[in-house]
Amino acid sequence: MTLYDLVAPGLEERGDPRYHLADICAADPLGADALLAALPAMNADADVAALTVALRTLLPDHDRAAEWNVVAALAAMRDLGILLGSLKRHGVQPAEAVPEVVPILELLGRRTDMVPRDTVHHYTTWNPAGPRRRTYTGHPMETDLQEAVRMAFPGLVAALDTCARVACLEPYDPGFATALDRTAHHVRSIVDSIDFTASNISPEFFALTLRPYFEEVDVAGRSYLGPAAAQVPLWLVDLTLWQCDRSDAAYDAFLAESLPYSLPSWREFHEQYAGGVSAVSKLSAALSWENTERLPRELAASALALGRVLKILKTFRARHIVIARKAYSDDLRLYEEGSGGAPVALLRSILDLTRDNETLVRQATSGRPGPRSGAPAARAGSSAV
């Protein structure tokens with residue numbers, strides 16, 4: 001049993017149908033199971049003619065697709081999307097080979113309030129397990145890559161709730177540290193995920209075999225990125241912890257490009273908190289008010305909790321860079337940028353930003369004796385700068 005199996009059932013209780021993972025995985029509105037089971041063989045043979053026929057065969061009637069609910073529309077985009085990526089991998093723009101796919105993709109995008117092509121969520125979280133699994137290659141390493149993303153998804157969704165709680169509190173509030181500790185608990189899944197990736201997927205397989213399937217495709221004159229790990233919302237955790245007011249231009253530009261590939265509720269989360277005060281800034285301001293050696297107990301607990309969650313983010317990013325450098329090394333890489341549009345240099349920049357914020361929190365409390373009990377009531381709102 002994986003972490004995904006343990007946490008995912010809680011997602012089903014949420015009202016958003018995009019979190020009803022079992023329903024989406026079970027859905028097969030296009031009747032695509034049998035055809036997509038043959039997809040790895042088509043790709044192994046670079047059989048563009050067969051891939052083109054498959055895409056045309058699966059296209060639904062426009063009126064029928066217009067009646068689908070979100071669950072069915074997501075499953076349909078998943079199944080059309082893996083054919084889009086397959087055709088592009090073999091040098092063919094899907095919309096040129098099958099022009100009638102464009103209005104269907106646009107319709108499914110509107111029905112799901114997402115971009116008009118498949119994303120990392122279609123490819124991983126909404127992809128059925130077992131014999132119905134949709135893959136480009138059928139290789140066990142591809143399956144393991146999908147599982148690595150699946151195991152991180154529920155924890156990151158839960159972390160958005162606790163990050164929202166952090167954004168509403170001040171460091172003197174005991175709930176601030178509690179919310180950060182819960183966030184740390186949730187985001188540990190990303191470290192498990194990257195360790196699983198490093199142990200099970202070789203850089204050579206990703207760089208030379210799998211990465212070409214994640215290329216951009218054109219839909220109605222606009223290019224859309226393929227499924228990419230960058231579309232998983234770790235950057236939304238950054239948002240309330242430090243990014244909303246301690247970022248840089250390169251990271252901001254990357255987020256602007258990644259945001260359209262998010263779930264609607266994640267885009268709303270970003271809109272709500274993008275202009276706020278980060279946890280790091282609130283803590284720094286609160287600490288600046290403390291002229292005594294010994295910190296109030298609640299403030300010390302908040303500083304320690306924030307340092308812990310930033311350390312987890314730093315650990316993930318350091319390990320991610322090791323993998324990315326191998327996959328995009330000079331002797332392996334076929335592309336200059338990752339499938340999410342970010343070069344390795346940007347990953348390094350984001351790691352440095354994360355490390356800088358973690359260091360700031362750690363140094364602000366280093367050398368101070370243990371916490372003193374009780375914090376003056378007047379301090380409660382003083383950290384909102």
Report task. Note down the net charge around residue 185, summing +1 for each Lys or Arg and -1 for each Asp or Glu among other residues with Cβ under 14 Å from its Cβ. Result -> +2
Report task. Among (1) 18.2; (2) 21.1; (3) 19.5, find the value of mean projected area of the Cα convex hull in nm² that was calculated from the structure presented, and write down its label. Result -> (3)
**Report entry** Sparsely packed GluC sites (Glu not before Pro) within region 225-297, loop by DSSP, other Cβ within 10 Å at most 12
**Finding:** 293
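Work out the FRET efficiency for residue 289 and residue 349 from their Cβ-Cβ distance, taking R0 = 35 Å, and round it to the nearest 0.05.
On the way: r = 31 Å, r/R0 = 0.90.
Once rounded, the FRET efficiency stands at 0.65.
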Report summary line: Residue-ordered couplings for region 99-106, obtained by feeding phi - 60° into the Karplus form 6.51 cos²θ - 1.76 cosθ + 1.60 and rounding to whole Hz (Gly and Pro as x), are x, 5, 6, 4, x, 5, 4, 5
Report summary line: Per-residue accessible area, 1.4 Å probe, largest first, puts 163, 244 in the order 244, 163
**Report entry** In sequence order, calculated HN-Hα J values of region 257-264 (Karplus, 6.51, -1.76, 1.60; Hz; x Gly/Pro)
**Finding:** 6, 7, 3, x, 8, 7, 5, x
Requested in this report: Kindly provide the helix-only [θ] at 222 nm of the chain, computed as the sum of -39,500 (n - 2.57) over DSSP H runs of four or more divided by all residues, to the nearest 500 deg cm²/dmol?
Outcome: -18000 deg cm²/dmol
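Hey, got a sec? Which chymotrypsin sites (Phe, Trp or Tyr not before Pro) in region 237-294 land in a DSSP loop and have at most 15 other Cβ atoms within 10 Å?
Answer in residue order: 289.
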Requested in this report: Among the lysines, select those whose C-alpha is under 21 Å from the C-alpha of residue 314, and discard any that sit fewer than 8 residues away in the same chain.
Outcome: 282, 326
**Report entry** Among 243, 146, 272, residue whose mean-square fluctuation peaks in a GNM of the chain (springs only between Cα atoms under 10 Å)
**Finding:** 272
Query raised in the report: What are the ³J(HN,Hα) values, in whole Hz, obtained from phi via the Karplus relation 6.51 cos²θ - 1.76 cosθ + 1.60 with θ = phi - 60°, for each residue of region 63-71 in sequence order, with x given for Gly and Pro?
Result: 5, 5, 5, 5, 8, 5, 7, 4, 4
Requested in this report: Select from 29, 62, 87 the residue farthest towards the positive end of the dipole of region 8-117; place +1 on Cβ of Lys and Arg, -1 on Cβ of Asp and Glu, and compute about the Cα centre.
Outcome: 87
Query raised in the report: Any idea what the alpha-carbon Rg over 2.2 N^0.38 Å comes to for region 47-96?
Result: 1.21
Report summary line: Sorting 51, 304 on solvent-accessible surface, 1.4 Å probe, most exposed first, gives 304, 51
Query raised in the report: From the square roots a ≥ b ≥ c of the eigenvalues of the alpha-carbon gyration tensor of region 267-315, which class results: rounded (a/c under 1.5), prolate (a/b over b/c), or oblate?
Result: oblate
**Report entry** Rounded, prolate or oblate (a/c below 1.5 giving rounded, otherwise prolate when a/b exceeds b/c) for region 1-143 by Cα gyration tensor
**Finding:** oblate
Report task. Just read off the accessible area of residue 139 with the full protein assembly in place, 1.4 Å probe, to the nearest 10 Å². Result -> 70
Report summary line: the chain, Gaussian network, Cα under 10 Å: of 265, 247, 278, the residue fluctuating most is 265
Query raised in the report: With every protein chain present, what accessible area does residue 321 have (1.4 Å probe, heavy atoms only), rounded to the nearest 10 Å²?
Result: 10
Query raised in the report: If 168, 25 are ordered by their accessible area, calculated over protein heavy atoms with a 1.4 Å probe, which sequence runs from highest to lowest?
Result: 168, 25
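The values are calculated or read from the model by the stated rules, or taken from the named source; none is laboratory data. Keep in mind the model is a prediction, meaning the values are calculated, not measured. For neighbour counting, all protein chains shown are included, and Cβ atoms are generated from backbone atoms with ideal geometry for every residue, glycine included. The area values use the complete protein model at the heavy-atom level, side chains included, leaving out ligands, DNA and RNA. Shrake-Rupley method; radii C 1.70, N 1.55, O 1.52, S 1.80 Å.
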